[in-house]
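The values are calculated or read from the model by the stated rules, or taken from the named source; none is laboratory data. Predicted, not measured: the structure shown is a model, and the values here were computed from it. Positions of Cβ are backbone-derived with ideal geometry, glycine not excepted, and every protein chain shown enters the neighbour counts.
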Amino acid sequence: MAYIPDNNRYSNMKYNRCGNSGLLLPAISLGFWHNFGYNDSFENMRQMIFTAFDCGITHFDLANNYGPPPGSAEENFGKVLKQDLKRYRDEMIISTKAGYRMWPGPYGDWGSRKYLLASLDQSLKRMGLDYVDIFYSHRPDPQTPMEETMYALDSAVRQGKALYVGISNYTREQTERAYKILKELKTPFVIHQPSYSMFNRWIERDGLKDYASEIGIGIIAFSPLAQGLLTTKYINGIPKDSRIGKHTGFLSEKDLTEERLAKIKALNEIAVRRGQTLAQLALVWVLRDGKVTSALIGASRPEQIVENVRALDNPNLSKEEIEEIEKILNS
């Protein structure tokens, strides 16, 4: 049967303005970093995308290297778009990135103009798109002049292959340099994508979070659940099907110290008092002060997406709750 979206899909999602731009993003966005590769169930991917869209998630975040293997997430997303969602393209914000290794040789990695624009062409072909809504420099390149990387992003917009541009994993200092260049070019630089969670607060220490707010660009936080640590998954041990249990290389047993486990349990007690899961509390915390436009979630099944979106049913933290969380995190 043909997919028909829920008629009420926009009634419960909150949409936040992305910096000072005209772009609105859902408070919760769906990322394709894992679980959308060749080894995953294509039908499960379809159902996760449908569920997200039915929940009002209009932003789908990809990158050239997502899968595994690299490129497969874009190809699978492109198949779903062609089969089921083509008529709804204008209701979606689709982003992709380039900056990590994609093909052999000196032109398949980092931030050169050669690599970024070639990669974007490949991404568009894999997804069957004429343009993406946001094209990111996925990471800063220490060997390539910042001007060259930013000029490539500007070219993507001028060529009609991207509507907006963003950067990811840049420090505040690097962001200041990028902003200055893109402002002079009048390039629609609207967003930064850093990692950010209760357990990973570098954008606060670095000053990036406040700086983005000052200059009027949005922040979309990836890994807001600390790759699953900020859930109840590990409270009673390490499940075999978890990232730690599977030995994926992204999380290991050393990341789950007794001290951290104690914090997870204490945070979960706050979540329970609020009538939420720990994951929902973690998402509310990331969005708590309005300086983060969207929290970027990953999922392995549709039910996780529904659970995460329900964080918005109780989106406000009291001053006392924030202070209690700070005490736990700093203990």
Criterion first (under 26 Å from Gly22 (Cβ atoms) and surrounded by fewer than 24 Cβ atoms within 10 Å (Cβ to Cβ)) does Lys86 satisfy it? yes
Exactly one condition in (1) under 23 Å from the mean Cα position of the chain (by Cα); (2) crowded, with 18+ Cβ neighbours inside 10 Å is not met by Ile181; state its number. (1)
Residues in the range 100-112: is at least one within 26 Å of Ile28 (Cα to Cα) and surrounded by 18 or more Cβ atoms within 10 Å (Cβ to Cβ)? no
Residue within the range 133-141 that is surrounded by fewer than 17 Cβ atoms within 10 Å (Cβ to Cβ) and either of a type in the set (Phe, Trp, Tyr) or outside any helix (DSSP H, G or I) (or both) present: no
Is it true that Pro104 is of a type outside the set (Asp, Glu) and in contact with a Cys (Cβ under 9 Å, 6 or more places away or on another chain)? no
Please give the number of the condition Ser112 fails out of (1) closer than 23 Å to Ile93 by Cα; (2) out of contact with any strand residue (DSSP E or B) (no Cβ under 9 Å at 6 or more places or on another chain). (1)
Within the range 271-330, residues in a loop (DSSP other than H, G, I, E, B), within 26 Å of Ser41 (Cβ to Cβ) and charged (D, E, K, R) come out as Arg301
State whether the residues of the range 215-235 include one that is charged (D, E, K, R) and either under 25 Å from Met13 (Cα atoms) or at pLDDT 95 or above (or both). no
